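See below for the structure under consideration.
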Amino acid sequence: MSPHILILGGTTEARELAAGLASRPGVRVTTSLAGRVTRPGAVAGEVRIGGFGGVAGLADWIREEQVDALVDATHPFARAITAHAVRAAAATGVRCVVLRRPGWRPGPGDRWHQVDSLEEAARLLPSLGRRVFLTTGRTELAAFAHLTELHFVVRSVELPEPPMPPHTEVLLARGPFTAADESTLLYDHCIDVLVTKDSGGAATSAKLTAARELALPVVVVRRPPLPDGVTAVPDVASVERWLDLDRP
C-alpha cells in the first residue's frame with residue numbers, strides 16, 4: 001500500500017517537502033493549510049484547507065485517510081496546532097515529527113531587544129521609537145492597538161484584521177524581499193524601530209540585515225517552546241531521512 005504522509009504546513013519548508021514527496025512514485029502526500037490566506041501559493045500533491053476541529057477531529061481524519069506519518073511544518077509560532085498534532089499522533093499511533101527551521105541569532109552590530117510575548121514588545125516600543133515597522137503577522141495587531149501615539153507600518157499579503165493601532169499604514173505585498181528592498185522601505189517610511197517574531201530562515205531575514213545596516217533597534221519575540229518529548233528536526237532533508245521511504 002502507498003504510504004500517506006500528512007503535512008501540516010504553509011511554510012516554505014512545507015512546500016519544499018510536499019514537492020519532494022509528491023515526486024516519489026507510490027507516495028501519497030496531503031498538505032493541510034489553515035485557510036487564513038485566500039490565495040495561497042501552489043502546493044504539490046493533495047491539498048486540504050481549513051481546520052480539523054481540534055485533536056479529536058485531526059485524529060479522526062488521520063484514521064479515515066489512513067495516514068502513515070504526520071509532519072508538522074507549520075510556523076514556529078503556531079503553538080496550538082503543534083500541540084494538537086502531537087496529541088493526535090499519540091492517539092492514533094502514527095509517527096510524528098516537527099520541522100522547525102533554526103531560529104535567528106544576533107550578530108555584530110545588531111541592536112536586538114528579545115521579549116517573550118507581543119504584549120511585552122508593545123510595552124517596550126515607546127522607549128525605542130515612534131515609527132514602527134511591525135512584522136508580527138496580520139492577525140496579531142491587537143496587542144499594539146492601544147499605542148495611539150505611535151505610527152505603524154504593516155506589510156501583509158492581505159488586509160490585516162482589526163483591532164489595530166489607529167495610526168497604521170498597510171503595505172500589501174508578497175515576499176521574498178531583498179536587503180535592498182527592506183532598506184528602501186525602512187528609509188522611505190522613516191522607520192526607527194522594527195518588531196518581528198523569531199521566525200528563522202532566510203526567507204524573511206533581509207529585514208534584519210537592513211535594520212543592522214541602518215543601526216535600528218529590533219524587538220524580537222522569542223519562540224514558544226515545543227511540547228515535551230516531541231521529535232524536532234531543522235530542515236527538509238532531515239524529515240526525509242526520518243521518513244525513510246527508501247527502506248524496503
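In deg cm²/dmol and to the nearest 500, what is the mean residue ellipticity at 222 nm of the chain if only DSSP H runs of at least 4 residues count, each as -39500 (n - 2.57), divided by the residue total?
-8000 deg cm²/dmol
Panel note: the C-alpha atoms of the stretch 25-84, placed on their principal axes, show extents of 32, 28, 18 Å (largest first).
Which FRET efficiency value, to the nearest 0.05, is calculated for residue 241 and residue 117 with the Förster distance at 35 angstrom and r the Cβ-Cβ distance? Provide the component values of the computation, followed by the final result.
On the way: r = 35 Å, r/R0 = 0.99.
Computed FRET efficiency for residue 241 and residue 117: 0.50.
Modelled label positions at residue 231 and residue 158, each set 7 Å beyond Cα in the direction of Cβ, lie 3.4 nm from each other.
Taking all C-alpha pairs of the chain, those more than 34 Å from each other amount to 23 percent. So, with a 1.4 angstrom probe, what is the percent of accessible area on the stretch 49-193 that is carbon and sulfur? C and S fraction of accessible area: 54 percent. Taking a span of 18 Å or more along the helix axis (Cα atoms) and a mean Kyte-Doolittle hydropathy of at least 0.5 as the rule, the DSSP H helices of the chain that qualify are 79-92.
Express the relative contact order of the chain as a whole percentage, based on alpha carbon pairs under 8 Å and six or more residues apart in sequence. Let's see the in-between values first.
Working: 452 pairs, mean separation 48.9, N = 248.
Normalised by residue count, the contact order of the chain is 20 percent.
With the simple model of a label 7 Å out from the Cα in the direction of the Cβ, residue 178 to residue 214 spans 1.7 nm.
With Kirkwood's inverse mean 1/r over C-alpha pairs for Rh, give me the Rg to Rh ratio of the stretch 112-219, two decimals please. Please report the intermediate quantities before stating the final value.
On the way: Rg = 12.6 Å, Rh = 13.8 Å.
Answer for the stretch 112-219: 0.91.
Rolling a 1.4 Å probe over the heavy atoms of the protein chains gives the stretch 90-149 an accessible area of 50 Å² per residue.
Stokes-Einstein diffusion of the stretch 32-125 at 37 °C, 0.692 mPa s viscosity, Kirkwood radius from Cα pairs, rounded to a whole number: 206 µm²/s.
The share of alpha-carbon pairs in the stretch 164-234 lying farther apart than 14 Å comes to 68%.
On the basis of the beta-carbon distance and an R0 of 35 Å, residue 190 and residue 79 show a calculated FRET efficiency of 0.55. Put simply, the amide H of residue 221, placed in the peptide plane, has neighbours under 5 Å in 115, 196, 197, 198, leaving out anything fewer than 5 places away on its chain.
The values are calculated or read from the model by the stated rules, or taken from the named source; none is laboratory data. All values derive from a computational prediction rather than experimental measurement. All Cβ positions, even for glycine, are placed from backbone atoms using ideal geometry, and neighbour counts span all protein chains on display. All accessible areas refer to the heavy atoms of the entire protein, side chains included, with ligands and DNA or RNA removed. Shrake-Rupley method; radii C 1.70, N 1.55, O 1.52, S 1.80 Å.
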